[in-house]
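The values are calculated or read from the model by the stated rules, or taken from the named source; none is laboratory data. The shown structure was predicted, so the numbers you read here are calculated from the model rather than taken from an experiment. Because the Cβ atoms are built from the backbone with ideal geometry, glycine has one as well, and the counts that use them run over all protein chains shown.
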Amino acid sequence: MEPDDFPATDPGPYALLASQDVPEKLRRLEYILSRFAGYVGVLALTDSKLAQDEAQIRPVLEAIRDRGLMYLGGAEPSTKIAAAVGLPNAPPYLVLDASPSAAAIDAQLAALEGLARDRKAAVAVASPYPATLMRLAAWAKTLEQKNIALAPVSALAVAGEAN
């Protein structure tokens with residue numbers, strides 16, 4: 001989706017842009033989703049003009065719902081609109097490696113643990129950076145003693161209500 005600072009940040013050639021009409025947005029969404037298989041949903045990684053405008057995002061979210069997918073959005077109002085259209089969605093997520101240093105990732109993992117304890121569930125997203133993978137592997141070994149279990153994000157999807 002078009003980021004707030006577009007065109008300074010380029011979302012790529014098939015981005016969903018606020019300036020496009022609905023049929024074009026849906027054509028691009030279908031193209032993107034047809035490139036691979038095995039996913040359970042759509043992740044909105046950035047705040048975007050599209051996600052902030054109900055008239056712009058509602059048809060996109062309805063198309064995602066109609067494909068039987070879930071939505072993982074980081075910002076309102078898109079998460080509220082997703083709930084309103086009955087689109088399975090998960091709690092807001094934490095980005096583990098926005099700053100991909102070991103210390104920053106460890107701090108985010110500690111924050112994730114706190115969210116999981118407070119909310120009974122928490123979601124994180126990360127990139128496959130070497131530092132991220134190393135920190136995640138080390139952290140995962142400590143979870144049993146902390147009474148924390150990992151689960152796929154699809155286990156947290158709830159249809160028709162904001163999380």
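Before moving on, here are some points about what is shown:
- Here ILE57 meets each of (1) surrounded by 13 or more Cβ atoms within 10 Å (Cβ to Cβ); (2) under 25 Å from ARG135 (Cβ atoms) with one exception, condition (2).
- When VAL22 is tested against (1) modelled with pLDDT of 90 or more; (2) of a type in the set (A, V, I, L, M); (3) buried (at least 18 other Cβ atoms within 10 Å of the Cβ), just one condition goes unmet, and that condition is (3).
- Of residues in the stretch 120-138 being within 12 Å of the chain's Cα centre (by Cα) and β-branched (Val, Ile, Thr), the one surrounded by the fewest Cβ atoms within 10 Å (Cβ to Cβ): VAL125
- Residue satisfying all of: in the stretch 80-113; assigned to a helix (DSSP H, G or I) and at pLDDT below 95; nearest to VAL158 (Cα to Cα) among these: ALA83
- Of the set (1) under 12 Å from the mean Cα position of the chain (by Cα); (2) surrounded by fewer than 19 Cβ atoms within 10 Å (Cβ to Cβ); (3) not acidic (Asp, Glu), all apply to THR79 but (2).
- Among (1) touching a residue at least 60 places away in the same chain (Cβ under 8 Å); (2) of a type in the set (A, V, I, L, M); (3) surrounded by fewer than 13 Cβ atoms within 10 Å (Cβ to Cβ), the one test that ALA8 misses: (1)
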